[in-house]
Amino acid sequence: MTARVARDPRETFARTAVDLVTSDPAVALVYAEISGALFAAAKEGHGDRVINVGIREQLLVSAAAGLALTGLRPVVHTFSPFLVERAFEQLKLDVNHQDVGLVLVSVGGSYDWSAAGRTHQSPADVALLDTLAGWTVHVPGHADEVESALRTAVADRGRHYLRLSAEQNDRAHRVAPGRLLRVAEGSRAAVVAVGPLLQPTLAATTGLDVSVLYAPTVRPFDTAGLRAALPAAPVAEVVLVEPMLEGTSSRVVSQALVDRPHRLLALGVGQEELRRYGEPTDHARAHGLDARGIRASITRFLATRGAA
Amino acid sequence: MSLTTNPPPPTYGYADLPRLMSLMTGDEKHTAAATSTLDVVWTLYEAVLDVSPTTAEDPHRDWFLLSKGHGPMAHYATLVAHGFFDEEWLAGWGSWDSPLGLHPDRVLVPGVEISSGSLGHGLPLAVGVALGLRAQHIGSRVVVLVGDAELDEGSNQEAIEVASALGLDRLMVVVVDNASASYRRPGVLATRFAVQDWDVETVDGHDRSRLGVAMRQTTSRPRALIAEVDSR
């Protein structure tokens, strides 16, 4: 048996989407050029439900919403800034306001294609989508988690967003849909690591007395899982480590702990433009999202406990 | 196509429309827009579309999408006349307890296929509806009403191009043209569609007989009907 090369989340998505659209006549795949070569197998014989709209992202979302109005289950795909940010009013009105469901699948995440610069980065996608009601947001941390996330999303009737990035953890985890998975035990703080930031978070917290909770889904946020993992201290200490805009999930954590004295450290991608290219690892380091940066932030946070 | 053997007859006729529309008050700014669409909307329900209160949820119904959502009075009045909902709803439109807004909400109003108000959404949605019906081998017609100024929204251009490229021959756009667009060049409306190989025809937007003939016609291409009305 030959060794398996690391699987790519986008290819896993495309293979699963092709299987869904060829096996289920209610599933449609709508895209805007991006990843088209990966969908070629589904075009054959299912051209009516495998639709390339060209470089037309407003139409991408609106047409998908129209498909949903007729009862189909659209899977809608392009780069994250063009899917969520460019077509935002279409999401607000043609999806939410029309009260239809569909599945958005983006690639690119915060800075996958770092050398491409700001135009192809969207660290704020989840924060923006979070201004709309009823979205389930999946941030799978490994290619092998993509298939089940997509199948779960397509089997539902609601609104789902799968945020895929090339960065991934060294292994996949099995997590019940919508739940947090406790992967490390500790008594001083609960650290929630979202999607592909689990691995650097585990490296960062080695030797620290903290729990680490893995979140492959951030909306709805597993508030019960978070509360159950909190140490029984007078003031609960919570750390968010998110591969998107820092503070994206602060609101939901704050709501979840409204009755608990707590402190929250929210790590994520900074709001300021870096105006730098380079590799994703350069950006992770610059935003303090590599293991060293995460560890430094958490250590500082825990050391300031009680300081007034 | 025919869905039902005995569609319920309209509750009211064309002559009742002025009275029905007079029940709705309070949005003076938009009154002209409402009446500019009246003959088109009435004729669609009277002589073109196969949809009724009993088939409003039928997968095989014809679809009407009012994209120009700021003129819903003619649509509301026509839906009442055809029995989609009660006349009593009209008087309170726009109020807290009314399902009828100054822009329509499909979730609240029987017979309203899309919620509209922000311009440039109806035609792109209609492209998706037409694609969805075709994928399900349903030959229903999809008719979307837009305003001439609304076509300035670039989202329409995306839809016009793709509707033609994908051969959506069951899709028809009716452009109610009251010459309200800024920076308008002569003939631009028809040209926008013709250059994308749509079937284009221009008619008097108040001639219900000609509108009926023109709107019943279909070809092997998506169709655009420019319905000219008095300028705003």
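The values are calculated or read from the model by the stated rules, or taken from the named source; none is laboratory data. As the structure is a prediction and not an experimental result, all values here were calculated from the model. Using ideal geometry, Cβ is built from the backbone for each residue, glycine included, and neighbour counts are taken over all protein chains shown.
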(request) Restricting attention to helices (runs of 4 or more DSSP H) lying wholly within the range B:143-232, give those where 2 or more residues are more than 23 Å from B:LEU125 (Cα to Cα) and touching a helix residue (DSSP H, G or I) at 6+ places or on another chain (Cβ under 8 Å). (result) B:208-216
(message) So in the range A:81-111, with the set limited to residues that are within 22 Å of A:PRO280 (Cα to Cα) and in contact with a Pro (Cβ under 9 Å, 6 or more places away or on another chain), which one is nearest to the other protein chains (Cβ to nearest Cβ)?
(response) A:SER106
(request) Report yes if A:ALA37 is of a type in the set (Gly, Ala, Ser), modelled with pLDDT of 95 or more, under 22 Å from the mean Cα position of the chain (by Cα) and not in a strand (DSSP E or B), otherwise no. (result) no
(message) For the range B:91-108, give me each residue that is touching a Ser or Thr at 6+ places or on another chain (Cβ under 9 Å) and within 22 Å of B:THR55 (Cα to Cα).
(response) B:PRO104, B:ASP105, B:ARG106, B:VAL107, B:LEU108
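Can you confirm whether A:GLY141 is assigned to a loop (DSSP other than H, G, I, E, B), within 14 Å of another protein chain (Cβ to nearest Cβ) and touching a residue at least 40 places away in the same chain (Cβ under 8 Å)?
Spelling it out, it is not the case that A:GLY141 is assigned to a loop (DSSP other than H, G, I, E, B), within 14 Å of another protein chain (Cβ to nearest Cβ) and touching a residue at least 40 places away in the same chain (Cβ under 8 Å).
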(request) Would you check which residues across the range A:42-59 are more than 7 Å from chain B (Cβ to nearest Cβ) and among the acidic types (Asp, Glu) and list them? (result) A:GLU44, A:GLU57
(message) I need a count of the residues in the range A:258-275 that are assigned to a loop (DSSP other than H, G, I, E, B) and either under 19 Å from A:THR217 (Cβ atoms) or without any contact (Cβ under 8 Å) to a residue 24 or more places away in the chain (or both).
(response) 4
(request) Filter the range A:217-238 down to the residues that are over 13 Å from A:ARG182 (Cα atoms) and small (Gly, Ala, Ser), then identify the one that is modelled with the highest pLDDT. (result) A:ALA236
(message) Condition first: assigned to a loop (DSSP other than H, G, I, E, B), under 17 Å from B:ALA130 (Cβ atoms) and touching a residue at least 24 places away in the same chain (Cβ under 8 Å). Now tell me which residues in the range A:61-101 satisfy that.
(response) A:GLY71, A:LEU72, A:GLN98, A:VAL100
(request) Inspect all residues belonging to the range B:89-99 and state whether any of them is assigned to a loop (DSSP other than H, G, I, E, B), buried (at least 24 other Cβ atoms within 10 Å of the Cβ) and more than 8 Å from chain A (Cβ to nearest Cβ). (result) no
